[in-house]
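Participant: Sending over a structure as structure tokens; questions will come in a sec.
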Amino acid sequence: MSLTKRHLAMARLLGVAIVASWGLGACAYKDDFVRVNSRLDQLDTKVQSAAQSAESANQSAQQANQSAQQANQRLDQLEGRVKQLETAPRRVPRG
């Protein structure tokens with residue numbers, strides 16, 4: 001085998017090795033992408049769950065706020081009646 005043919009055979013072998021390593025490298029990258037996409041899906045699910053929890057908490061807070069406003073209105077009404085009773089002349093008990 002001449003030197004040129006040997007070089008050509010070596011170059012061919014080296015080219016095959018490079019192409020094979022690229023192919024295997026691409027598989028590794030695909031696995032990495034699959035792993036990253038899986039993690040992103042998990043995080044997306046957690047974020048959606050947190051958003052739903054926050055929305056539920058917000059609705060509960062709004063309902064509590066409405067209840068507090070109604071209670072305050074009722075207290076204001078009662079306060080006026082209590083003041084009226086306190087300032088009214090004393091009644092003499094029967095008996």
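Participant: Under a no-solvent Debye model with one identical scatterer per Cα of segment 44-95, what's log10 I(q)/I(0) at q = 0.27 Å⁻¹?
Facilitator: So the normalised log intensities are -0.95.
Participant: Same structure, new question: Extension gain E79-D41, at 0.36 nm per residue separation less the Cα-Cα distance, in nm? Each step should come with its number before you reach the end.
Facilitator: Details: separation 38, 0.36 × 38 = 13.68 nm, distance 5.65 nm.
Extending this stretch completely gives an extra 8.0 nm.
Participant: Right, another one. Once every Cα of the chain carries one equal point scatterer and solvent is ignored, give the base-10 log of I(q)/I(0) from the Debye formula at q = 0.10, 0.14, 0.21, 0.23 Å⁻¹, two decimals.
Facilitator: -0.70, -0.85, -1.05, -1.10
Participant: Which value results for Rg/Rh of segment 19-73 when Rg is the Cα radius of gyration and Rh the Kirkwood radius based on the inverse mean 1/r?
Facilitator: The Rg/Rh ratio comes out at 1.58.
Participant: So what is the 222 nm mean residue ellipticity for the chain from helices alone, if each DSSP H run of at least 4 adds -39500 (n - 2.57) and you divide by all residues, rounding to the nearest 500 deg cm²/dmol?
Facilitator: On the way: 1 runs with 85 residues, N = 95.
Helix contribution divided over all residues of the chain: -34500 deg cm²/dmol.
Participant: Kindly list the residues of segment 11-54 that lie in the label zone of A64, defined by a backbone N under 13 Å from the point 7 Å along the Cα-to-C-beta vector.
Facilitator: Correct set: none at all.
Participant: Okay, moving on. When the dipole is taken about the Cα centre of the chain, and only Lys, Arg (+1) and Asp, Glu (-1) are charged at their Cβ, what size is it in debye, to the nearest 20?
Facilitator: Numbers: 13 positive and 8 negative charges, 26 e Å.
Here the chain has a charge dipole of around 120 debye.
All of the numbers you see were taken from the coordinates with simple rules; none came from a lab. Treat the numbers as computed from the prediction; the structure is a model and nothing was measured. Note that each Cβ is placed from the backbone with ideal geometry, even for glycine, and that neighbours are counted across all protein chains shown.
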